[in-house]
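Right, one structure below, let's go through it.
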Amino acid sequence: MNHVLRHITTGLLLCVALLTGRAEATVVINGTRVVYPAQDSDVTVQIENRGSTPSLVQVWLDAGDEKATPENVKVPFTITPPLFRLDGGKSASVRMVYTKEPLPSDKESLFWLNVLEVPSKSSDDGSSRLDFAYRTRIKVFFRPSRLPGNAASAAHKLTWKLVDGEGGKGAALQVTNPTPYYVNFAQVGLSIGERSVNGDGGGMVAPGGTAVFPIKELASRPAGDVKAQFNVISDYGAVSTIVQPLAP
């Protein structure tokens, strides 16, 4: 990033920190996540301004630190264009290119796409001024070629175990992911007989990793016919419900 763009970046992030008011994004990403197949030369992301006024848009990737600024992130991707004006009612294509720095070939890698919107608003005298800034951040999954299995079936290979909640109180679900794919959840909970008990929300489990989801509604471990019940989010943002027996 050149010297001029660094100053622009700093200015935009200061706007995020200083401007107040009700922030409602009019610039949106078409999609809830991005999958980057390793064999592809690039991936295109569509961004749309659903408002009626123009916005200044900045786009960058980070490796998981949401506080990282565009000029100090280190990711193996370039974004074109990184900064542009998007008129109201218009859409734009942003091109993401993998720069070939080594990434694991036996599992997915996770990055985050940031879209910062700084809209303009006409004041009473007809001039323009900055009103507020809004950032959208979604997951980017870099998927190596020839991984075993497929992302759609990964959720069915998870292992779930009922464990104690935080501090030994209540109950939680521990999930282990033996696959090379990230599995994303909209909701994690339990099926207890004819009753469903939801946890505190969603999350994800990394390839080869383990994650724990508290079930704060329960004061103790339940007995009887208890199964894991969770809502999985697909590559395309679709949500499906899966019920699986618990491991001993």
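Of Pro81, Pro222, Pro119, the residue with the greatest mean-square motion in the GNM of the chain, using alpha carbon springs below 10 Å, is Pro222. For Glu194, Glu101, the sequence from fewest to most other C-beta atoms within 10 Å is Glu194, Glu101. Think of each Lys and Arg Cβ as +1 and each Asp and Glu Cβ as -1; about the Cα centre, that makes the dipole of the chain roughly 280 debye.
Is the shape of the chain rounded, prolate or oblate, going by the alpha carbon gyration tensor and its root eigenvalues a ≥ b ≥ c, with a/c under 1.5 for rounded and a/b larger than b/c for prolate? Cα axes put the chain in the prolate bin.
Taking Cα centre as origin and charging only the Cβ of basic (Lys, Arg, +1) and acidic (Asp, Glu, -1) residues, the dipole magnitude of segment 151-245 rounds to 140 debye.
With respect to the chain, whose longest principal axis is taken over its alpha-carbon atoms, helix 3-18 is tilted by about 60°. Does segment 151-245 classify as rounded, prolate or oblate by the C-alpha gyration tensor (a ≥ b ≥ c root eigenvalues; a/c under 1.5 gives rounded; else a/b over b/c gives prolate, otherwise oblate)? Prolate, because a/c is 1.5 or more and a/b exceeds b/c. Most mobile of Val34, Val226, Val59 per a Gaussian network model of the chain (Cα springs, under 10 Å)? For the chain, modelled as a Gaussian network with Cα springs under 10 Å, the answer is Val226. In segment 80-217, taking the dipole from charged Cβ atoms about the Cα centre, the farthest positive-side position among Gly165, Pro144, Gly199 is held by Pro144.
Bear in mind these aren't lab numbers, they're just calculated from the coordinates by the rules spelled out. On a predicted model such as this, the values are computed, not experimentally measured, just so you know. Ideal geometry is used to build each Cβ from the backbone, glycine not excepted, and the neighbour counts take in all protein chains shown.
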